[in-house]
1. Limited to the range 36-70, what total is found for residues that are open to solvent by 70 Å² or more (accessible area, probe 1.4 Å), within 17 Å of A22 (Cα to Cα), not hydrophobic (A, V, I, L, M, F, W, C) and not in a helix (DSSP H, G or I)?
2. Within the set of pairs 6 or more residues apart or between chains, which connect a residue that is among the hydrophobic types (A, V, I, L, M, F, W, C) inside the range 64-93 to a residue that is modelled with pLDDT under 70 and not in a helix (DSSP H, G or I) with Cβ atoms less than 8 Å apart?
3. Are any residues in the range 1-35 open to solvent by 80 Å² or more (accessible area, probe 1.4 Å), of a type in the set (A, V, I, L, M, F, W, C) and at pLDDT 95 or above, and if so, which ones?
4. Looking at the range 76-87, can you tell me whether even one residue there is part of a helix (DSSP H, G or I) and open to solvent by less than 40 Å² (accessible area, probe 1.4 Å)?
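The values are calculated or read from the model by the stated rules, or taken from the named source; none is laboratory data. Nothing here was measured: the structure is a model prediction, and the numbers come from that model. Virtual Cβ from ideal backbone geometry, glycine too; neighbours counted across all protein chains shown. We work out accessible area using only protein heavy atoms, side chains counted, and drop any ligands, DNA or RNA first. Shrake-Rupley method; radii C 1.70, N 1.55, O 1.52, S 1.80 Å.
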Amino acid sequence: MPPSFPRTSAPGKSRTGSDLLARSQLPAWVVRALNANRIRRFSQLVGRSDEELLALSGVGQRAVEIIRAELARNAQRALDSVGTVPQPDVQHAP
């Protein structure tokens, strides 16, 4: 039996958020195409150019558009989860 390792979240990742494509809002056909290319996580997509994505088997222009939109949503969710920093009260002289 292979050794079992405890599941831990990556440094800086919240346990509620997931980097897994299978848990994303991507359509199943996009996830299947990415999985066929051994891509299982959003972190594997970040930094790839459209040309690199288009070179993947089963990934066309529409899939790239969907992936880019989902990456943007994930980035926005990450920013939203950080919260806002309270701004100091600034009083203006009359």
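1. Of the residues in the range 36-70, 3 are open to solvent by 70 Å² or more (accessible area, probe 1.4 Å), within 17 Å of A22 (Cα to Cα), not hydrophobic (A, V, I, L, M, F, W, C) and not in a helix (DSSP H, G or I).
2. Cβ pairs passing all conditions: A78/G17.
3. Residues of the range 1-35 that are open to solvent by 80 Å² or more (accessible area, probe 1.4 Å), as a first pass: 1-8, 11-13, 15-16, 22-23, 25, 29, 32.
Imposing the further condition that a residue be of a type in the set (A, V, I, L, M, F, W, C) reduces the set to 1, 5, 22, 29.
Selection gives W29 alone.
4. The initial filter retains those residues of the range 76-87 that are part of a helix (DSSP H, G or I), namely 76-82.
Filter again for open to solvent by less than 40 Å² (accessible area, probe 1.4 Å), leaving none.
No, because not a single residue in the range 76-87 is part of a helix (DSSP H, G or I) and open to solvent by less than 40 Å² (accessible area, probe 1.4 Å).
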